[in-house]
Amino acid sequence: MTNTNDKLGLSRRQILGSIGAIGVASAGAGIGTTAYFSDQQSFEGNTLTAGQLQIHGSWQQLYYGADQLVRPQDYGSAGRPWVNAFPDHDEDGIQSYGDVSYVDDPGDDPALGRNLPLTCAEFEELGDAPRPVIALEDVKPGDEGEVTLGFTLCDNPGYVWMNGEISEETAGAGEGHLADYLMAKLWRDEDCDNVYDELEPSDIVLMVDFSGSMLYSQYGGVVSSDEITVGDSEYGETNYSTTTKIDLVEQGLIEFIDLLQNEIDGDPNIDSDDLRIGAVFFDGYSNDGNSSNPGPNVVTSADVGGWGDPDGDGFTSDITDLVTLDGSGEAPLRNLRDQLDDLFDGTGTALEEGFEELIDLFDGRVDGSRMPQSVTFTDGEPYFGGSLTNDRFEDLLVAANAARTDTDYATNIFIVGDDTGDSRAAFTQRVMAGAADVPIDVSGATAANFSGDPFSYGGDPAFFFNIEDPLAIPELFAQIAVAILPEEVLAYGTLRDIFDLLESDPGRIIDAVPRQDGIDCFEPGMTYCVGFSWEFPIRSTDPDATLDNNDVQGASLEFDLGLYTEQCRHNFVPDPQ
């Protein structure tokens, strides 16, 4: 939907009023909601001064209520827990578009699925979404449900709010209101899987491309002729007269580690050794016989002095030491320009061998109890020399698949990559990105000549971060840190508590990069998600319960829940904190 009203003349109340109400008849207790998506543009006279802005939305709803045989009308034709979705081309309750579906089989665990990442053009083709999203007529204690709203901005970055209101309530037999009895949670669903993700103790390997395209101007390594200061007063500063990709990666690693450490310091439930870091540095290949590093140039943190790994296996929990300059101005993940020059002198990009070393690093851990995760930064292709053949891309996918499906140490693979000059490289980067234990369809990708939709061959958009602007590299590392950390809870409490927050105008701001100072905008062309879950607690067996569920017998509730955006340009949103 595109709204061309003047920015100051359109209130949230008017937006809500345009949606209309839905009716809920109930033998037990009923709840219902509509979902809506609104965008706003700014005009002066008849001139568009701030650019186009559109927001499109999708969803997947789940409900864990009565058995399918008892109340089949509560579910889509795919059965419990699938209720409805948009888009849903066969109307079975499971999100789908063309031949791509939220899950492959209705019997699959919904947590293994993902809301579909749709483009603006695909949303335009779909047209308006149906309403309502939630309409349940016989909610009982013990029931719970969830809907994840996906949203995509088009044309320009935008601030996004979630808002809503309780539009109608009917009290139950004991004058109780459902909004006071239902518990709810609202959160940033970073991986769009309809599940709130808590922190998983992890061993994280940072795989960093040290090839010439990271530093040297003849290979595109110089991003800007402007000076750059890497670090700050806390971690120490290094200054360079020009800005290169490796400088931006170094800053990204500082911000990545800073976010992890802040979470450790601020959450008493997180132990200092719940998050450890190792590394793999890869360049290219040296085959001239005179190189100090013959063959593929790959070095791991187990080979780097001063890593601070007490077991000598390349993993440390003293993560800030990796980016804090010591008295000599050194740290393992600082001064990467000098390290690149000192370590490597190869040609090409040894990505395949980097993944092989990644598996060896996980395999060599003294304590293998933590979840393996990896973050790969690359701006290159699996180039070995000569012509770049399909065999190289196939071998790379085989290596990435081995890392993602290793019997003992399967790892999540986050990719920070870019649209290189070779479309096969852009395709392969996206296929490699994905969750542990989810195989890559190497043969299918190869047969497709490394073209088409990469996310239909095992790639997952929640794990891929595209470098549209090299200056945004540090922010992409910060976004991956956010994805690894517990998902941000926007609101939690009774349903009435939630809507007390959402009814404020224009709603609850959603930060594109939580845990950092200020409010960041959402970039266009990517699908982001917000999860909304609710439950009807069983109170009859709780001796501390102060509410009696019998008081809401026959109650009903209707509410609106939506997303609203304004473009970032010419607007400023202060941090509500």
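The values are calculated or read from the model by the stated rules, or taken from the named source; none is laboratory data. Since the structure is predicted, the reported quantities are computational estimates derived from the model, not experimental observations. Quick reminder, even Gly has a Cβ in these numbers, built from the backbone with ideal geometry, and neighbours come from all protein chains shown. The protein model used for the area step is the full one, side chains on, heavy atoms only, and it has no ligands, DNA or RNA in it. Shrake-Rupley method; radii C 1.70, N 1.55, O 1.52, S 1.80 Å.
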**Asked** Between rounded, prolate and oblate, where does region 409-510 land on the alpha carbon gyration tensor, with a ≥ b ≥ c its root eigenvalues, rounded for a/c under 1.5, else prolate if a/b exceeds b/c?
**Response** prolate
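Report the charge-dipole magnitude of region 385-536 in Debye, nearest 20, computed about the Cα centre from +1 at each Lys and Arg Cβ and -1 at each Asp and Glu Cβ. Working shown, then result.
Numbers: 7 positive and 26 negative charges, 65 e Å.
Its charge dipole is roughly 320 debye.
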**Message:** Show me the ranking of peptides 468-481, 231-244, 172-185 by mean Cβ neighbours inside 10 Å, starting with the highest.
**Reply:** 468-481, 172-185, 231-244
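Let me spell out the model: positive unit charges on the Cβ of Lys and Arg, negative unit charges on the Cβ of Asp and Glu, origin at the Cα centre of the chain. What dipole size does that give, in debye rounded to 20? Please report the intermediate quantities before stating the final value.
Working: 25 positive and 110 negative charges, 295 e Å.
Around 1420 debye, computed over the chain.
Rounded, prolate or oblate: which fits region 65-139 when a ≥ b ≥ c are the square roots of the eigenvalues of the alpha-carbon gyration tensor, with rounded for a/c under 1.5 and prolate only if a/b beats b/c?
Working: a/c = 2.56, a/b = 1.54, b/c = 1.66.
Because a/c hits 1.5 or more and a/b fails to exceed b/c, region 65-139 counts as oblate.
Please give the per residue accessible area of the chain, computed with a probe of 1.4 Å over protein heavy atoms only, in Å².
Details: 23220 Å² over 577 residues.
Value returned for the chain: 40 Å² of accessible area per residue.
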**Item:** Distance between modelled label sites at residue 229 and residue 501, nm, 7 Å Cα→Cβ extension
**Value:** 3.6
**Fill in**
Amide H neighbours of residue 84 at under 5 Å, excluding residues fewer than 5 places away on the same chain, with H built from the backbone geometry, are 61
**Fill in**
Among region 193-211, those whose backbone N falls under 12 Å of a label point 7 Å along Cα→Cβ from residue 269 are 197-200
**Prompt:** Just one of (i) 1.23; (ii) 0.99; (iii) 1.37 is Rg/Rh (Cα atoms, Kirkwood Rh) calculated from these coordinates, so which is it?
**Reply:** (ii)
**Message:** Suppose the chain between residue 391 and residue 183 were pulled fully straight at 0.36 nm per residue; how much longer would it get relative to their current alpha carbon spacing?
**Reply:** 69.5 nm
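Nearest 20 debye, what's the magnitude of the dipole of region 468-510 about its Cα centre given +1 on Lys and Arg Cβ and -1 on Asp and Glu Cβ? Can you show the working numbers first?
Numbers: 2 positive and 9 negative charges, 32 e Å.
That gives region 468-510 a dipole magnitude of about 160 debye.
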**Asked** Taking the Cα-to-Cβ direction at residue 77 and at residue 342 and moving 7 Å from each Cα, how far apart do the two end points lie in nm?
**Response** 6.5
**Fill in**
Check: C-alpha center region 460-518 vs C-alpha center region 211-259, spacing in Å is 25
**Request:** Nearest 5 is fine: what % of DSSP beta bridges in the chain come out antiparallel, could you say?
**Result:** 70
**Asked** Out of 358, 400, 368, whose Cα points farthest toward the positive end of the dipole of region 310-430 (charges: +1 Lys, Arg; -1 Asp, Glu; placed on Cβ)?
**Response** 400
**Message:** If I require 15 Å or longer along the helix axis, counting alpha carbons, and a Kyte-Doolittle average no lower than -0.5, what helices from the chain are left? Use full DSSP H segments.
**Reply:** 245-266, 351-363, 390-405, 473-484
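Among 208-216, 439-447, 305-313, how do they line up by average Cβ neighbours within 10 Å per residue, starting with the highest? Walk me through the numbers before you get to the answer.
Numbers: 208-216: 23.3, 439-447: 16.6, 305-313: 14.6.
For the peptides 208-216, 439-447, 305-313, the packing ranking is 208-216, 439-447, 305-313.
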**Positive dipole terminus of the chain, leading residue within 531, 264, 73 (C-beta point charges)** = 73
